[in-house]
Structure formats: structure tokens, C-alpha cells
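Data block below; observations after.
The values are calculated or read from the model by the stated rules, or taken from the named source; none is laboratory data. Bear in mind that the values here come from a model prediction, so they are computed numbers and not experimental data. Cβ: placed from backbone, ideal geometry, glycine included. Neighbour counts: every protein chain shown.
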Amino acid sequence: MQLTYEYMARIDFNHRGGSESKSYPIEQENIKQIIINKEYDDLNMPIITVTMSVDTNIVDLMIKDNKESTMILTINKKNTNTQSTTNIVEAYIKEECTYLIEGDVNPNKEWDNKAPTKEEAENKDKFRLIRVGLLSKRLADALQKPANLTVYNSNMQDIVMQLLNNGIPLLMEPFDYKDPIPQLILSPKESLSKSLDYLNSVKVFYETGYRFFMDFDNTYLVSKAGKSVLRKNDRYPTIKIDVKPLMGEDGMVRGIETNDTDKVYDMIVPMNDTNFNSDDLIDKSMEGIAAVVDASKQKQESFLKKHKGFGGILGAYKNILNIMDNVKVFSGQVRNVVQNIHRTTYEIKGRMIEMKEQVDDFKTTTLDLYNQTKATIASLPQEALQQIGQIDDVKNILTQINEANDKYGKYINKCIPNFDEYVKAYTGQIYNIEGTKNYVGGIKPINFQDNLGSLQTSCWDFKKDAEKTDATHKKGMAQFSRGFVGWSQNIGNVSTTLMDLPDTVTYCINPKDPVDSRQYKEVDLKHLKKFSAPFQEMFTSADAYGKGITKDTATMDASNKLNRNAGATIKAFVDKAQGIPTDFSNKLLEGGNMVIKDFKSQADSAKQMFIDNKQMYRQQFNSMRDTFNVIKQGAQLSIDSFKDLGDIGSDGESLVSIALDTVETLAKQKIIRLPNDNINILKNIKHALDLQKSTITVHKLELDNDIFNINIKYMISNETEKTTRSGEYILVSKQEVYDNNGTTFVANTILTFHKLPSGKKKE
């Protein structure tokens, strides 16, 4: 059966200000658009944006008392399929929300409320178009409630269930790891999500990582494995999405279809309503990750401080530790940049494309005004040009248009290839800086010099990388920003000139005639003034874009500065390695062997002295032996050899290497240092990296949006030529856009998915 849904909505403004408490209904006809954003990986609850037309007096109350007042959003749904027997109105969302609203109270309120004229009385209501951001009060209160737990003899699943027991229905996928925890103290965190992050860092929940989202109906805590964990009202565990050519016979099927035979939902999406993105930069930048399991630095340092047998080599050792730590710190400064670079630059490029298209689309209007203005001036006799002062303003229109096209248009036309060049340089600079951590993060100090040559070579390139990035930034963003802002200012000047022009101007045909016999002629300028509205509209839009790209330019400029400074600082520390002896490793090992031999000899000769304190003797000797083993040994293990990595490190292993799914070697690794023995978090990290490689976004009208959630399995089949895109996916974001069509709301649902790595077995 085909399911096609329409929606109905209203908003009740609950005003609370002083002693007043009153509800103001905002009916459906005044609600223009509702957008509900659910970013399942980046946010923990829905974000709602509403565009509506509201009485100015009510808007003033909304702005003035927004801290105490709330809004109740009600959305109902109805199946419009005439063959359905269940096409009754159903409740979808009813939520009390806090809100954010921009703007000030009406400064002309006194004037607006004066005694109306007869004409004004016929239409006395004055409305204002506003945009309001809504946030569920119930969910926000639950999310921000601090948690403080002390738990004994439990496991992580029971601990998390206790933490999330807040009155909101909980849907939780069973944990993969349920090892007993003798004792755990959870200190208060700023939010539930922070508490969960901490608990997962102590003992991971799932092999693939977790997803925590508080929706209107349920709190969801599920893995990133794409398993089905059904709610009570879920009909099927799986949604199948078939991407088909637009011109095919099924290309325009509406809504979604139930399939009782296969126990799935079937949804057909035409190819032109999908967007597929493949991120191959991850494979190019690294082929795996390596994690240091044993925090051996402290053991080694403590060992050296207690024993003087190393002589002057202790200073060199500390110098190496200092260099390694500082390389990690300053290369880590660009880590957040690395994590956000793809999304940030993609969004900036998207805005630049929109801005260029805006300029290109407006060329026809600009040319039309230019030609009409030029023709108007050419049609006037010299006497008119000399007499009419406004003609100078008309001439200025030509000047402004020429400047917009000639002076600033050249920067706009080349913006996209210039920006691509900048992104390439910028990306290379970041990965070179961040990559220096690989030379120090997975090695012991005695092996530092083995990587020193490669580390120095990488540092020598930092200055060249910075110069290239700065140059391409200037050409790719700074010039475009200056060009677009200049273009929009010219458009604004034209708009102002047109608004100030009179409809007509008058000049004397022959000024030499006697005053009482002079004849006058009018020049009609209304054909030029009609351009005022489109130019003003364009300026308003372009001005907003211009402010945005100026901000983007400043943001990237700050990032460039951060990267440049981080690179220079790392190079300065690496340069200090010149004084380290070339035979440092041998000296350290020889010294360590001598100390241990001396210690054992002394221990044997004085064993009787420790007869009454055997435990202290045994602990001291074993600690020293283990420390020296840390200095000498290390190994690489494959993550695929272990179901549970928790025991790695207990036998002295200190390094675990993990290959990403699409590579065959581990030539380029990202090094991380684990703060504790929660080594299964490496599987979380690997899975998250593999998920980023393939993304698909689909658009579909008239869906039942209640069906699509993160607890459902998604199968996407691509019947176009791009068959490699077929497979299992997880839902990472859902945007519900409700547009008012006069009687109901039409829902346009935008779903974004990440493709699950191949080879994963899911239930």
C-alpha cells in the first residue's frame, strides 16, 4: 500500500511577562514554513526553525519576554492515499519549546496604533514576517540535567541505563561489551552527552561507536552498525530505497510503500533527487591508525631519575622527551581543523557558487538597465543635459554598472578554480603539519633518531607550504570577497540612485527665450525607476552573502595563521635535536643493562636484608624490569585478530596498528595515544573513519516522517550506472521541510546517509 502524507500545523504562543499569562494562537495560514533539523552525529536533539507572519503587537511580546515565554508546536499528519482505510488525522508532534527570535520591538508602535483612517480601518491588522528558532523545553531540561553516580559491582550497560532513566522513553541497543566494573565514580558533567562521552572513554559501549539522540518520542542510544532496534509502533525493521532513472516508469512514484511480504518499506527515488559524495582524501592522507597502549614515558622518566648510571645521557633523554611532547602538542592544534576541513570548505564553496550564480543571473537585468539608461541620455538634447541636475545621477548609473562588471566582475568569474587551488594547498599544509605527530607518537625515545631525518625534511617544507597557502588564499578567497562586496556595493548605489530619482524632470527647450514665452518639456524616468525594486532586492541578498563570505575569509585567514605558527613552532623544536648524540640509543641501552645488572648483584648480596619485607623487594625489582622491557620492545597487532582488544598490552605489547578497509598497507598511519586501557575505542575510531568515505543524500516529498529514524536498517539500491553505491547505510541526518500550500503543508524530507563498511555482519 502506498503511503503519501500531508501535514497540518499550528503554534500557540504562551506569553508570560510580569503578572500576565496568556496564550495567542498562530493559525496555519500564518505559518509559511517549518524546518526540523535532526543531525544525529553532531547534535543531541532536534532544532526547529519556523517562518511565520505574526501581528506586530504579539511580535513585540515575543521579543520582550522571550526568557519566560514559550511556544507550543503542534503538527498532525494524514495519509492522503484514497485507497487507505487509515487516512485519519494522527498526532505527529506536540511540544512546548523555548525560542530564539531576532530583532527589536517595533519603534513605530505609537504611530501604528494611532486612530486609523477609514481606509486603514478596513485592514487594521499589521503583520510582521519573522523567523523563530525552537528548542524542546522538555528535551533541553533532560539533556542539561547533571548526573552524579557512584556505582559498585555493575557493568557499563546497567550504568548507562541508570543514567538515562529520566522519564523519557528509552530505546537502547544492547551493548557489545558488558565487562564487570567493580567501582566507578561519575562526577557531574555539563550535559548527558558529556557524561556518555566520558563513560564510553572508560569502557566502550559498541564495537562501532555509539549514537545518542533525544527525539520527541524517544531517547535513542544505538550503535553505528546499522542494526534494527524497533520501537513499539515500528511496523518493519528495514527501509529499502531504490534509486532509479528519472525517465523510468517508476521514477515518479510518490511517498513510500508498505511491503508485508518482505516486511520492509519500499521507497523509490529518482536519480536527480539524489546526491552522492565520495571522500577519497582520507585514503590519500592515511592508510591506518596506530595507538600507543602503554603509557611508557612516565615509567622511563621515573626510572632514569632514580638511577644515575646513565650519566650525562639523562639530559639528552629529557631533551628528546621535550621535543616529542611539543611536536605532539602543536601538531595537535590543527587536529580540529583536520576534522572539520572537508565540511567547512565544502560549505564555503557552495556559498561561492550560489553567489556567482546570483551575479550571473542578474546580468540580464543589469544590462537592460544599462541600455535603457544609455538610450535615455542619448535621446536628450544638449540643453536638457545642461539644465537637469538629475541627469548626473542617471549618468552615475552607467558608471556604477561599469565598475561592478569591469572592476569586480573579474574576481567573481574566477572564484571557483581559484578556491579549488587554495583548498588543495590548504589541505596539503594541514596534513603535513598534523603528520609530524606520526614521527613521534608511536615510537619510544630511544628510536627517535630513526625518524629524525624524515621529521626534519617535513619541517623544511612548512615555510613553502605556508607561502603557497597564503598566496592561494589571497587569490581564492580574499580577492573574491573584495570583489563580491564591491559588486554588491555598486548594486546598492544603483538602487539608491533609482529610488531617489523623480518620476519626471522638466527642462526648458530654449533658455534664451523671454521668461514669459519659454516652453518646457518633461523627461519621463519611470522606465528607469521600475528597476529600483529588483536592484534593491538583489542588494539585500548580496549584502547578506557579502557579510557571510567576509566572515568565511576571516575564519580561513585565522586558520592559515594558526597553521603557519604551529609549523614554525614545531620546526623550532625539531632544530634543537641537532645536539643529541648519534649513538644515543646504544648508550641508553648499555646504561640500562648496567643498572639492572648492578641492581641484581646488589639485591642478591643483600637479599637477607629484605627477608622481612619480601613484598617491597619483589615490587621494586619487577617494576624496574618491566620498565626496561618497555624501552626495548614494541609490536604491531592487527585489529581483525581480536574480538575484544581489552587484553592487549597485558603481555608487554605497546603498539596496535589498524588498517582502514580500503587499503592494503600501513605505510601512512595516524598515531594516537590512549589515556587508559580502553583499547576497544580503536574500533570506534576506525569505523568512524570508514563511514566518512561514502555519503548519499536523497529528497522525497509526502513521506511519513515518523518512520525514518536511526533505529531502522537502510538498504539503498542504485539501478543507475553507479552500482557500487548500493549497500547498507546508516542515517546521519534528517531535515523535514514543511511548506504551506494554502490548505495543508507539503513535506520535503532530506535524508543523508553514510555507507557502512563492507564486510560488517549486522543483525
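When the criteria are applied in full, P116 fails the requirement of being out of contact with any strand residue (DSSP E or B) (no Cβ under 8 Å at 6 or more places or on another chain) and modelled with pLDDT of 90 or more.
Scanning region 18-75 for residues that are under 30 Å from D197 (Cβ atoms) and in contact with a Cys (Cβ under 8 Å, 6 or more places away or on another chain) yields I48, T70, L73.
Scanning region 49-63 for residues that are more than 13 Å from A9 (Cα to Cα) and of a type in the set (A, V, I, L, M) yields V54, I58, V59, L61, M62, I63. Return yes when T238 is modelled with pLDDT of 90 or more, of a type in the set (V, I, T) and surrounded by fewer than 18 Cβ atoms within 10 Å (Cβ to Cβ) and no when it is not. Answer is yes for this residue. For T376, state whether it is touching a strand residue (DSSP E or B) at 6+ places or on another chain (Cβ under 9 Å), in a helix (DSSP H, G or I), among the polar types (S, T, N, Q) and surrounded by 12 or more Cβ atoms within 10 Å (Cβ to Cβ). Here the answer is yes, as T376 does meet what is asked.
Which residue out of F276, F303 is at pLDDT below 85 and of a type in the set (F, W, Y)?
Criteria check complete, one pass: F303.
Contact map, region 379-399: residues that are in the same structural domain as L501 (by TED's automatic domain parsing) and at pLDDT 75 or above paired with residues that are crowded, with 17+ Cβ neighbours inside 10 Å and among the aromatic types (F, W, Y), Cβ distance under 6 Å, separation 6+ or inter-chain. Pairs shown: I388/Y507.
Filtering Y426, Y422, Y431 for residues that are more than 30 Å from L525 (Cβ to Cβ), assigned by TED's automatic domain parsing to the domain that holds K349 and surrounded by fewer than 20 Cβ atoms within 10 Å (Cβ to Cβ) leaves a single hit, Y431. Counting residues in region 393-412 that are under 20 Å from D552 (Cβ atoms), of a type outside the set (D, E, K, R) and in contact with an Asp or Glu (Cβ under 6 Å, 6 or more places away or on another chain) gives zero. Please tell me if I58 is more than 20 Å from T744 (Cβ to Cβ), over 34 Å from the mean Cα position of the chain (by Cα) and modelled with pLDDT under 95. Spelling it out, I58 is indeed more than 20 Å from T744 (Cβ to Cβ), over 34 Å from the mean Cα position of the chain (by Cα) and modelled with pLDDT under 95. Only one of the numbered conditions (1) surrounded by 16 or more Cβ atoms within 10 Å (Cβ to Cβ); (2) under 30 Å from V264 (Cα atoms); (3) touching a Ser or Thr at 6+ places or on another chain (Cβ under 8 Å) is not met by N76, and that is (3).
In summary, M52 fulfils each of the numbered conditions (1) in contact with an Asp or Glu (Cβ under 9 Å, 6 or more places away or on another chain); (2) among the hydrophobic types (A, V, I, L, M, F, W, C); (3) in a strand (DSSP E or B) with the single exception of condition (1).
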